[in-house]
Amino acid sequence: MTEQKHNNGNVNVEDAVSQSEAFLIKNKKGIIFGVIAVIVIVAGIIMHKHLYADPREENAQAALFPGQDLFAQDAYELAINGDATGYIGFLQVADQYSGTKAANLAKAYAGLSYAQLGEYEKALTYLNDFKGKDQMVGASVLAAMGNCYAQLGQLDKATANLLKAADKANSNTISPIFLQQAGEVFVQQGKYADAIKAYTQIKNKYFQSYQAMNIDKYIEQAQLMSK
């Protein structure tokens with residue numbers, strides 16, 4: 001009986017390890033960055049409607065808009081570098097219209113596009129340059145940086161950015177996503193106490209979120225692996 005219990009425990013640990021791999025490793029990049037892309041696109045639409053404070057800003061937004069369409073179509077290289085129709089690309093928008101809000105947003109788009117292409121160092125360069133005052137967009141860019149660091153194997157930086165993103169957003173919609181990502185990276189590092197802390201925050205603070213529905217399973221897995 002004791003031996004059977006021990007074997008079952010081993011199986012449970014193996015299952016837990018398998019199921020708790022970092023979110024970034026386990027899913028396609030399109031899923032990982034999807035929530036971030038949506039938020040940035042929404043911000044771009046808001047800008048397109050409202051940010052016409054001066055002609056330069058208007059021109060910058062007009063230059064950015066075709067890239068937003070390309071980004072939405074997953075045409076990331078064209079979105080970054082431009083196309084044959086006269087669209088100049090996110091990089092040129094950021095450079096030519098430096099100081100405008102559209103140029104700042106172009107940096108976020110460029111970073112996300114590079115991330116989707118697997119060029120994480122370049123992605124981090126542009127995401128780091130983005131200055132986000134908006135609570136949701138700024139938090140989402142921080143999370144994108146965390147995911148890039150995770151892909152590069154810089155897991156401490158990954159969790160630091162993901163936790164910062166969750167705190168900055170303070171949102172029942174996206175904060176639990178970032179906390180779960182952080183928890184799964186902590187598990188990958190063997191930092192089970194930190195993983196439990198991140199998961200427990202979902203359970204206690206964001207109990208109405210989708211992630212909270214199954215978070216007890218993740219907490220139990222981390223507790224099991226910590227023994």
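The values are calculated or read from the model by the stated rules, or taken from the named source; none is laboratory data. Quick caveat, the model's predicted, so the values are computed rather than measured. Cβ: placed from backbone, ideal geometry, glycine included. Neighbour counts: every protein chain shown.
Summary of values
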| item | result |
| --- | --- |
| Output for the stretch 118-156, where each listed residue is charged (D, E, K, R) and under 20 Å from GLU77 (Cα atoms) | GLU119, GLU121, LYS122, ASP129 |
| Verdict on LYS164 being surrounded by fewer than 24 Cβ atoms within 10 Å (Cβ to Cβ), touching a residue at least 12 places away in the same chain (Cβ under 8 Å), not polar (S, T, N, Q) and not in a helix (DSSP H, G or I) | no |
| Qualifying position, being in a helix (DSSP H, G or I) and within 25 Å of LEU105 (Cα to Cα), among GLN188, GLN181, GLN223 | GLN181 |
| Residue tally, condition closer than 19 Å to ALA103 by Cβ and outside any loop (DSSP other than H, G, I, E, B), over the stretch 68-85 | 9 |
| Residue list for the stretch 106-140, filter: closer than 27 Å to ARG56 by Cα, aliphatic (A, V, I, L, M) and at pLDDT below 90 | MET136, VAL137 |
| Unmet requirement for ILE45, which otherwise passes all of (1) at pLDDT 60 or above; (2) assigned to a helix (DSSP H, G or I); (3) farther than 30 Å from ALA195 by Cα | (1) |
| Identity of the residue in the stretch 191-223, within 27 Å of GLN154 (Cβ to Cβ) and of a type in the set (A, V, I, L, M, F, W, C), that ends up surrounded by the fewest Cβ atoms within 10 Å (Cβ to Cβ) | ALA193 |
| Residues located in the stretch 88-107, provided they are under 23 Å from the mean Cα position of the chain (by Cα) and not in a helix (DSSP H, G or I) | GLY89 |
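For (1) buried (at least 17 other Cβ atoms within 10 Å of the Cβ); (2) out of contact with any strand residue (DSSP E or B) (no Cβ under 6 Å at 6 or more places or on another chain); (3) not small (Gly, Ala, Ser), each residue gets a yes or a no:
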{"residue": "LYS101", "(1), (2), (3)": "yes, yes, yes"}
{"residue": "ALA106", "(1), (2), (3)": "yes, yes, no"}
{"residue": "TYR120", "(1), (2), (3)": "yes, yes, yes"}
{"residue": "VAL137", "(1), (2), (3)": "yes, yes, yes"}
{"residue": "GLN151", "(1), (2), (3)": "yes, yes, yes"}
{"residue": "PRO176", "(1), (2), (3)": "yes, yes, yes"}
{"residue": "LEU179", "(1), (2), (3)": "yes, yes, yes"}
{"residue": "GLU184", "(1), (2), (3)": "yes, yes, yes"}
{"residue": "GLN189", "(1), (2), (3)": "no, yes, yes"}
